[in-house]
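Presented below is the structure to which this report refers.
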Amino acid sequence: MLKPYISLQLHRFFSFHAFLSFYNIVKFHFLSVFLFFFHFMGQSPSTSVPSPDINRRDVSNINRFGYGYGDSSDDFNGGSRRDYTDEIPDECLAGILQFLDAGDRKNCSVVSRRWLRVEGESRQRLSLNAEAKLLDFVPSLFARFDSVSKLALRCNRKSTSVNDDAMILISLRCKNLTRLKLRGCREITEIGMLGLAKNCKNLKKLSIVSCLFGVKGIHAVVYNSDVIEELSVKRLRGDNDEDGESVYGNGCSSLKSICLKELANGHSFMQLIIGSKKLQTLKLIGCVGNWDLTLGTVGKLNTLVEIHLEKVQMLVLLLLQSVARC
Amino acid sequence: MAEEVSSQMNSLSISETNPSSSATISLVSGDDIVFKVEPTIAKEMETVQSFIDETDGKITTIPLPNISSHDLPYVIEYCEKSIAGKITKEFEAEFVKKLNNEEVKELFLAANYLNIKKLLDFLSQVIADRIANKSVEYVRRYFGIENDFTPEEEAKLREELAWTFTGVDPDDEDEN
């Protein structure tokens, strides 16, 4: 099922390859000249000369530019049969697409081969159904969406989610990922998360909801990243987590924002919170445990600008102390 | 060769002694109508300006064979507003109201050809608005695009696309 589609992708790649290299060479000239001298193009194999130097002009062409246009009336408004988008470069097409939402972009990608390519290349944000069978589509999807930097994988509770293989494959395909959101990806373990951390060195924001890889999975990412800035964890369980399992940074924690919601094992993050010297925002919502010590320490950070607490046990005095320092 | 009349925008700028700085520029539409505009207008049109610069301002008549006398006044109007710093939401709303689909597309091509970035951005938004929430077939018809997928490819593509979510990701809404 997968194999024929890979070959299709390759075919697509090669067929566009020629066009792309041609286009890359002429794009400097494209705007002002390609349309203008459309009717000269047949006689002008010199498009392969990459000459962005405007001082190297052939004088005779100035004359053409200046006076030769009368011949071009045939090209003017080449009739209603034309494809308007033939005359606009990929950047402009991407410029239109950027104003469309994901649903319209999806539609537009089916318009034609060129639109498919341009839409894929210009897509940065992608949200995928993370059911187990997604694995079969990962190669072709990420061959198309090769510029994705913000990815969400969501699986509903009734389905089996993607596993570590898919997580690692995706992380290999999307090395430029800056944001990842995992929701209900119950089959992913700390092994998949470690793969993510190793492959996606630019990951700045990680958001986890209803996953089962536990503290170990979070630790794998946080400990192996020098750039992660935002961590949001909600309803995380860890079947493999032992008592007292703890997340801690690698000593130079870059985290600026930590948000923990509805965690039974919230105390596992205390060490991470205390170790995050650049922390600006801390949100604790519905996390059981005693947070006095953590908040007492965090309250001394001068970087901190926001503490948000809901349904958290602590001493009122300490809260006041912490808040007073913000 | 023709291509070497390059579109290296902004690589040259008019010096104060440039003789063209005070002369009126004549823009000749594809159907041979001459529009006289101030040099400041030409400056908004990077393609035109770079041509003027390349010829040291000696040539002030610029043929624009791809732009009709029907569309050129719209472009000029937009550039005039732009120079006056009067591109407001209200102006743009009024401006776009006057345009039918054909005109929007023609102006988009003109803006691209003349390399007027503000107009191009604005028209990108206009076109996006006009193809939003429409079928694939509508988008093809809108631009005159031929479907070059085989039915098998298209089916495969749609199967693949079924894995992408289109809605806004519900941030914290509970579904799990």
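Remarks
- Inspection of segment A:161-182 finds no residue satisfying the criterion of being in the same structural domain as residue A:253 (by TED's automatic domain parsing), under 18 Å from residue A:246 (Cα atoms), assigned to a loop (DSSP other than H, G, I, E, B) and not charged (D, E, K, R).
- Test result for residue A:233, more than 22 Å from residue A:124 (Cβ to Cβ) and part of a strand (DSSP E or B): yes
- Among the conditions (1) surrounded by 18 or more Cβ atoms within 10 Å (Cβ to Cβ); (2) farther than 26 Å from residue B:143 by Cα, the only one that residue B:58 does not satisfy is (1).
- Any hit, segment A:183-194, residues being within 17 Å of the chain's Cα centre (by Cα) and under 22 Å from residue A:263 (Cα atoms): yes
- Residue A:121 being surrounded by fewer than 21 Cβ atoms within 10 Å (Cβ to Cβ), touching a residue at least 24 places away in the same chain (Cβ under 8 Å) and more than 9 Å from every other protein chain (Cβ to nearest Cβ): yes
- Checking each residue in segment B:141-156 for being within 20 Å of residue A:93 (Cα to Cα) and touching a helix residue (DSSP H, G or I) at 6+ places or on another chain (Cβ under 9 Å) picks out B:142, B:143, B:144, B:145, B:146, B:147, B:148, B:149.
- Qualifying position, being over 11 Å from the mean Cα position of the chain (by Cα) and in a loop (DSSP other than H, G, I, E, B), among B:137, B:160, B:146, B:152: B:146
- Yes/no for residue A:223 being of a type in the set (Phe, Trp, Tyr) and over 24 Å from the mean Cα position of the chain (by Cα): no
- Filter result for residue A:218 (in the same structural domain as residue A:253 (by TED's automatic domain parsing) and closer than 17 Å to residue A:256 by Cβ): yes
The values are calculated or read from the model by the stated rules, or taken from the named source; none is laboratory data. Every value quoted in this text rests on a predicted model; they were computed, and no experiment measured them. A quick note on method: Cβ atoms are made from the backbone with ideal geometry, for glycine too, and the neighbour counts reach across all protein chains shown.
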